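Below is one structure, written out as structure tokens; comments come after it.
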Amino acid sequence: EMYARFPDVPKYRDFRKMLDKEKGIDAVVVATPDHMHAIASLAAIQLGKHVYCEKPLTHTVHEARVLAKAAREKGVATQMGNQGMAFEGNRLITEWLQAGAIGTVREVHAWSDRPTHYGKLMWAQGMERPTDTPPVPATLDWDLWLGPAPEQPYHGNLVHYNWHWFWDFGNGELGNNGIHLVDISRWGIGKELPVKVHCWGGRFGYKDQAETPNTQTVTWQYADGSAIVGEIRGLYTTEPMHWDFFGSKGHLHIAANGEFQILLGRNKQTEPPVEPLPEMNHYANFAGAVRTRNRDMLAAEIRETHLSTALCHLGNIAYRVGREVRFDPAAGRFIDAPDADKLLTRRYRPPYVVPDRI
């Protein structure tokens with residue numbers, strides 16, 4: 001449909017060739033699978049291109065750090081596709097929280113209802129196990145699709161949409177939609193990286209080929225004792241997505257549609273208003289930042305979103321090593337946990353590499 005609307009726009013299979021030939025490009029939208037986000041985004045940023053990258057920003061903590069550093073040094077606008085950050089209601093709520101509307105926030109609980117949405121089953125994760133090794137489709141460059149991932153045979157579960165559930169390519173539901181929970185939670189209480197992470201869960205209800213959990217509960221604890229608790233539910237649930245902020249003076253509840261209420265003590269506060277406010281167009285917000293070269297106007301700028309992305313990765317690492325882990329935010333590594341440190345990055349298959357230094 002888009003090609004039909006713009007028939008004269010050049011089309012490329014390989015983004016590297018596009019960046020090499022199309023010198024006049026101002027901005028790039030990266031909507032690849034997670035494992036290629038940093039590869040494509042970094043290539044564009046290093047050429048001085050502005051980048052809109054889908055969530056989660058990267059596939060690893062290491063990549064999040066590198067992208068944030070590169071964007072800062074090049075001075076380019078870099079937005080992550082977390083549309084929740086564009087809801088004026090969420091932005092206003094964050095201002096209230098940080099101004100002390102419910103006192104000092106000590107705990108946040110966030111709940112994801114995927115694969116359901118308001119009680120309707122919409123995004124089921126289960127998949128059939130492959131029984132053969134089919135040929136690579138003629139329309140697919142399998143080597144380019146693999147990118148930094150290890151060489152492996154093609155099968156249909158590794159491409160759209162099920163690539164999300166394999167560690168070589170995706171970050172499970174925590175990276176896929178949990179990032180929405182984490183971003184608003186972390187942004188709301190003004191925190192950065194935690195000092196302890198604990199995760200438990202598993203892949204329940206499906207006997208399929210996937211590697212990532214579909215059910216997770218993650219606790220990110222900060223140095224002052226405050227915590228974010230995120231819950232991912234990969235099976236049918238009637239409980240919609242929501243957030244609950246608990247402070248020293250009261251409780252703030254946010255529903256998935258942006259409606260909210262504040263409860264101070266035993267009483268529900270009717271002011272400020274409970275009606276959701278208008279949504280800013282996330283793409284128009286990015287385009288405006290590109291045109292004006294004003295990164296500060298971005299709703300989901302990389303200096304914030306790379307931290308939220310890192311929280312998702314830290315949660316998955318705690319799940320994969322099977323225990324609570326302690327993290328040193330200043331050093332950017334775990335404490336006495338070499339097995340967890342290894343998962344801060346990945347082994348790259350050349351030439352698809354995100355370097356340690358840029």
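Laboratory data are not the source of any read-out in this text; all were calculated from the coordinates shown. Note that the coordinates shown come from a computational prediction; the quantities given were computed from them, not determined experimentally. Every residue, glycine as well, gets a Cβ built from its backbone with ideal geometry; the counts of neighbours run over all protein chains shown.
Quick notes on this structure:
- Cβ crowding within 10 Å, taken as a proxy for footprinting-reagent exposure, orders Lys191, Lys342, Lys23, Lys196 from fewest neighbours to most as Lys23, Lys342, Lys196, Lys191.
- Per-peptide average of other Cβ atoms within 10 Å, ordering 39-50, 131-142 highest first: 39-50, 131-142
- Stretch gain in nm, segment Asp208-Phe6, where the contour uses 0.36 nm per residue and the Cα spacing is subtracted: 68.7 nm
- Between amide H atoms placed 1.01 Å from N, distances below 5 Å from Asn214 occur with Gly202, Arg203, Phe204, all of them 5 or more places distant or on a separate chain.
- Tail weight of P(r) past 36 Å, computed on alpha-carbon pairs of the chain, percent: 21
- Whole-Å distance, taken between Cα centres, linking the stretch 136-208 and the stretch 59-94: 18
- Candidate lysines - alpha carbon under 22 Å from Lys17, same-chain residues fewer than 8 apart omitted: Lys49, Lys74
- Selected from Ala27, Ala99, Ala210 as most flexible by GNM, with the chain as the system and alpha-carbon contacts under 10 Å: Ala99
- Contact order normalised by residue count of the chain, Cα under 8 Å, 6+ apart, percent: 24
- Within the same chain, lysines fewer than 8 places from Lys207 are excluded, and of the rest, those with a Cα less than 23 Å from its Cα are Lys120.
- Average Cα contact separation per residue, the stretch 140-297, under 8 Å, 6 or more apart, as relative contact order %: 12
- Out-of-range pairs (alpha-carbon distance over 30 Å; input Lys249/Lys342; Lys21/Lys191; Lys11/Lys55; Lys23/Lys55): Lys249/Lys342; Lys21/Lys191
- Fraction of antiparallel bridges per DSSP, the chain only, in percent to nearest 5: 75
- Only helical runs count toward this figure. For the chain, summing -39,500 (n - 2.57) over DSSP H runs of n ≥ 4 and dividing by all residues gives -8500 deg cm²/dmol at 222 nm.
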